Amino acid sequence: MVRSSSLLHYYSQRRVASSLRGFFFIPTTLALFTSLFILFHIYSTSNLFTHYSTHFKSSSPFFTTPSTPTPHFVPFFHNNASDSAKSPTFQLGYDLRSQSQRGLPLPPRFSSKGEFENNNDLFHDRDIFMEDYKEMNRSLKIYVYPHRTDDPFANVLLPVESEPGGNYASESYFKKVLMKSHFITKDPTEANLFFLPFSIARLRHDRRVGVRGIQDFIRDYIQNISHKYPYWNRTGGADHFYVACHSIGRSAMDKAPDVKFNAIQVVCSSSYFLTGYIAHKDTCLPQIWPRKGNPPNLVSSKRKRLAFFAGGVNSPVRVKLLETWKNDSEIFVHHGRLKTPYADELLGSKFCLHVKGFEVNTARIGDSLYYGCVPVIIANYYDLPFADVLNWKSFSVVVTTLDIPLLKKILKDIINSNKYMMLQSNVMKARKHFQWHSPPLDFDAFYMVVYELWLRRSSIRNSLGDSLRV
């Protein structure tokens, strides 16, 4: 009996000890796997463990390339769209047209002809772009909702007469040039796209509306056109688009969810991190400060400084940049007013830093390209302008915010590996795509934005039918 009790006590103790070991083993195992996952994430996204030459060749999380078919957008309907207006033919699908860059199921390093490619070309596929570009100019038609000059909000809905200028000029420039272009049609039945012509920048400064009233204005405007015209209701707005450059535009649609989730948003604040921005549906409007002609000494400029940045310290990213490099002799990081001309600093630098401020976008990419300086983009989740077309690896450097302490090493590795000359050469080729002209010039910013819209048009046309012609 004593022996049985001893055995029972012994095995009971073993079971307790075993259960205790199991109790501590589970969280320890979870902690180990979590640590390994974190280390793998840092290893795969940072230069802390790798040389930049490897990082330069890897795919970047900051912009997309057209390597997979793009699904068509399923419209999200609200009560303002009647049941009869919901077309059963507008559905989820894949656009497999051979001439479209967005639906191109090609291996990332091979051209449409099966030829091996590197990252030196300015375009993902120049031949496809040129073919698409010709077709766009031949066939694309855009209908603009009409408004009279005596409309109470004509200042918001009609294009400006004067030459657009300033930090948010891209919005006004696009509308001004579009309204006089061959893409405009007065026949909505032949339109591929419908333009919502309100100006977010002008609403912001209109005393009748202001920042607080923009959401109500947009909501009322959509309700108005959806009751007055049949075009919005037939797709829930999926073939409509608007243009905005000021960051207030991202919250302007909060009371009009159909616009945010269905319509094509052409915005400067194009961040993957924002819930209201959908990269395959929306597109980036480049923020460009308009300039005329070419700067003096563009080709012959002696670029002695390694890198340059000047601007307000209005984000944690810029604070980190300033703290890390403020006293460096090769990377010039300045906060406040410059003592030398801004243009001279850009012309005298090999690399010019585009660093996230309040938003991912600033005019510094356009500034860099205009002055022939290789842009260095330090703005996580930035959906870069014309990323469906242009190969950003060929004329810029994308650096994660985590790698700011390694910035000098990254840039010097590029120079030492002779990649800088390739980047700078492509910068000179890319410049024309980031300039506004009135009237527009082939392949300038206007045509490139229109091309992005053309790629996003629906391939399943919803015919208005004979009922709308009665």
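How do the peptides 298-307, 188-197 rank, highest first, by the average count of neighbouring beta carbon atoms within 10 Å per residue?
Numbers: 298-307: 13.9, 188-197: 18.7.
Per-residue Cβ counts within 10 Å, averaged per peptide and sorted highest first, yield 188-197, 298-307.
In terms of surrounding Cβ atoms within a 10 Å radius of their Cβ, Thr400, Thr29, Thr283 rank from fewest to most as Thr29, Thr400, Thr283.
The string of couplings for the range 447-453 from the Karplus curve (6.51, -1.76, 1.60, θ = phi - 60°) is 5, 5, 5, 4, 4, 4, 5 Hz, one whole number per residue in order, with x for Gly and Pro. In summary, the lysines within cross-link reach of Lys141, defined as a Cα separation below 20 angstrom excluding same-chain residues under 8 places away, comprise Lys175, Lys176, Lys180, Lys186, Lys281. Taking packing as the residue-averaged number of other Cβ atoms within 10 angstrom, the listed peptides 225-231, 256-262 run from highest to lowest as 256-262, 225-231. Here's how it looks for His354: its modeled amide H is under 5 Å from those of Val376, Ile377, Ile378, which are all 5 or more places away or on a different chain.
In this label model, Ile278 and Asn314 are separated by 3.0 nm, measuring between points 7 Å along each Cα→Cβ vector. Extending 7 Å from Cα along the Cβ direction at Asp344 and again at Met428 yields two label points whose distance is 2.4 nm.
Within 10 Å, count the other beta carbons around each residue, average over each peptide in 416-425, 340-349, and list them highest first. Walk me through the intermediate numbers first.
Numbers: 416-425: 14.9, 340-349: 16.6.
So the order, starting with the most tightly packed, is 340-349, 416-425.
Fully extended, how many nm does the chain gain between Asn137 and Met179 (0.36 nm per residue separation, minus their Cα-Cα distance)? Let's see the in-between values first.
On the way: separation 42, 0.36 × 42 = 15.12 nm, distance 1.50 nm.
Gain on extension, Asn137 to Met179, equals 13.6 nm.
I'd like the distance separating the alpha-carbon centroids of the range 381-452 and the range 160-214, in whole Å. So the separation of the two Cα centres works out to 27 Å. Relative contact order of the range 305-435: 23 percent, from C-alpha pairs under 8 Å at least 6 residues apart in sequence.
Just so you know, all these numbers are worked out from the coordinates, no wet-lab data involved. This structure is a prediction, so every number in the text was calculated from the model and none was measured. Here the Cβ is made from the backbone with ideal geometry for all residues, glycine too, and neighbour counts use every protein chain on show.
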